[in-house]
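Visitor: The structure under discussion is supplied below as structure tokens; questions concerning it will follow.
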Amino acid sequence: MSVLRDASLLAAGTLTAVRVPPPSRVDRSVAGVAMVLAPLAVLPLAAAAALVVLAAGWIDLPPLATAYVVVLVLALGTRALHWDGLADTADGLTASYSPARSLEVMRTGPVGPAGVVAVVLVTGLQAAGLSAVVRHDQAWWVVAILVCASRSSLALACVRGVPAARTDGLGAVHIGAVPVVAAVGSLVVTAVAVALAGVGVGSPWPLLVGLVVLVAAVVALLMRCVRRLGGITGDVLGAVVEVSFAVLVLAAATG
């Protein structure tokens, strides 16, 4: 039970801005469980997003404005940590053919052109998808499910066999810490959740297809980072979250 408690605190403290006590220990076993629990750890963010959608409906806020407020609330609820990771990952992958130089850019460099483009593009895709989703009567709980479901990609990104690009940094203890069985189990549960969300927007099939696209996108990003950087970093995990959410809301928009 101590591992579960520490993993829950680690996941909540890392993935949200919610103030929680520090875990009593942080090691690879705790970190692996934390990544599997990531969808549950962000329930406060999911609830906040759902409340935004409900409130926007009551005051008749335009769908696109609602979508951007949801994106803003999620960014605030994570201290924009994932967006920083997305920007740093884009900059690192385009900075140099030298892994050492790319990693240095990701660690210390200001946001460059590639990072800006990546953030603007993914933000726009999220907002476009959400603006269609929020038009549905059941949008509030559909959005909440998608927020949680997008974090299941962290178990996939941290599955055993994925190497870390460096031994220090926020993500080092998490990378490669999730057993394969746990990662597969997380995806199965996520498939059930997104199918339920699909029912709320008309059909489960677009979101189930979206989940397949999500897995393919995450795997492609991981492979690219391993080839270019020698592994992945905590920044890549942030990028995975934002890309995953964009894929899921776009899939829901076609439901």
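Visitor: Å³ per residue of the Cα convex hull, for region 96-152?
Guide: 109
Visitor: Also: Considering the chain as a Gaussian network with a 10 Å cut-off on Cα pairs, which listed residue, Val143, Val33, Val116, attains the greatest mean-square fluctuation?
Guide: Comparing Val143, Val33, Val116 in a Gaussian network model of the chain, the most mobile one is Val116.
Visitor: Name the trypsin sites (Lys or Arg not before Pro) in region 116-191 that are in a loop by DSSP and that have at most 15 other C-beta atoms within 10 Å, would you?
Guide: Hits after loop and neighbour filter: Arg135, Arg160.
Visitor: With N set to the number of residues, divide the alpha-carbon radius of gyration of region 1-66 by 2.2 N^0.38 Å and report two decimals.
Guide: The value comes to 1.46.
Visitor: For Trp83, what accessible surface area do you get with a 1.4 Å probe? Give it in Å², rounded to 10.
Guide: Its accessible surface works out to 30 Å², give or take rounding.
Visitor: What residue among Val241, Ala38, Pro23 has its Cα farthest toward the positive end of the dipole of the chain, where the charges are +1 on Lys, Arg and -1 on Asp, Glu, each on the Cβ?
Guide: After comparing all options, I get Pro23.
Visitor: Determine the relative contact order of the chain: mean sequence separation of Cα pairs under 8 Å and six or more apart, normalised by residue count, in whole percent.
Guide: 25
Visitor: Once fully extended, how much extra length lies between Val180 and Leu61, figured as 0.36 nm per residue of separation less the alpha-carbon to alpha-carbon distance?
Guide: 38.5 nm
Visitor: Take the Cβ-Cβ distance between Ala195 and Leu51 as r, set R0 to 35 Å, and report the resulting FRET efficiency rounded to the nearest 0.05.
Guide: Efficiency computed from Cβ-Cβ geometry: 0.90.
Visitor: Ok, one more. What is the spin-label model distance, in nm, from Val73 to Arg135 if the labels are put 7 Å beyond Cα along the C-beta direction?
Guide: Taking the two extended label points, one gets 2.1 nm.
Visitor: Can I ask one more? Take each of the peptides 55-61, 7-13, average the number of other beta-carbon atoms within 10 Å over its residues, and list them starting from the highest.
Guide: 7-13, 55-61
Visitor: Kindly list the residues of region 66-83 that lie in the label zone of Val111, defined by a backbone N under 18 Å from the point 7 Å along the Cα-to-C-beta vector.
Guide: Residues 68-83 qualify, since their backbone N sits under 18 Å from the label point.
Visitor: Considering only protein heavy atoms and a 1.4 Å probe, what is the carbon-and-sulfur percentage of the accessible area of the chain?
Guide: For the chain, the apolar C and S fraction of the accessible surface comes to 72 percent.
Visitor: For the chain, what is the mean residue ellipticity at 222 nm derived from helices alone (per DSSP H run of n ≥ 4: -39500 (n - 2.57); sum divided by total residues; nearest 500 deg cm²/dmol)?
Guide: -24000 deg cm²/dmol
Visitor: In the chain, which whole DSSP H runs stretch at least 27 Å along their own axis (Cα) and average -0.5 or higher on the Kyte-Doolittle scale?
Guide: 113-133, 180-200, 205-229, 234-253
Visitor: Length gain on complete extension for the stretch Ser24 to Ala220, per 0.36 nm per residue less the alpha carbon to alpha carbon distance?
Guide: Roughly 67.0 nm would be gained on extension.
Visitor: On to the next question. Hey, can you find the accessible area per residue of the chain for me, probe 1.4 Å, expressed in square angstrom?
Guide: 43
Visitor: Here is a further query. Once you sort the root eigenvalues of the Cα gyration tensor of region 33-125 as a ≥ b ≥ c, which label holds: rounded (a/c under 1.5), prolate (a/b larger than b/c) or oblate (the other case)?
Guide: It comes out oblate by the Cα gyration axes.
Visitor: Moving to a separate point now. Over region 56-125, what is the mean sequence separation of C-alpha contacts under 8 Å (at least six apart), divided by residue count, expressed as relative contact order in percent?
Guide: Rounded, it is 28 percent for region 56-125.
The values are calculated or read from the model by the stated rules, or taken from the named source; none is laboratory data. Please read all numbers here as calculations on a predicted model, not as lab measurements. With ideal geometry, Cβ positions are generated from the backbone for all residues, glycine too; neighbour counts draw on all protein chains shown. Note: areas computed on protein heavy atoms with side chains; ligands, DNA, RNA excluded. Shrake-Rupley method; radii C 1.70, N 1.55, O 1.52, S 1.80 Å.
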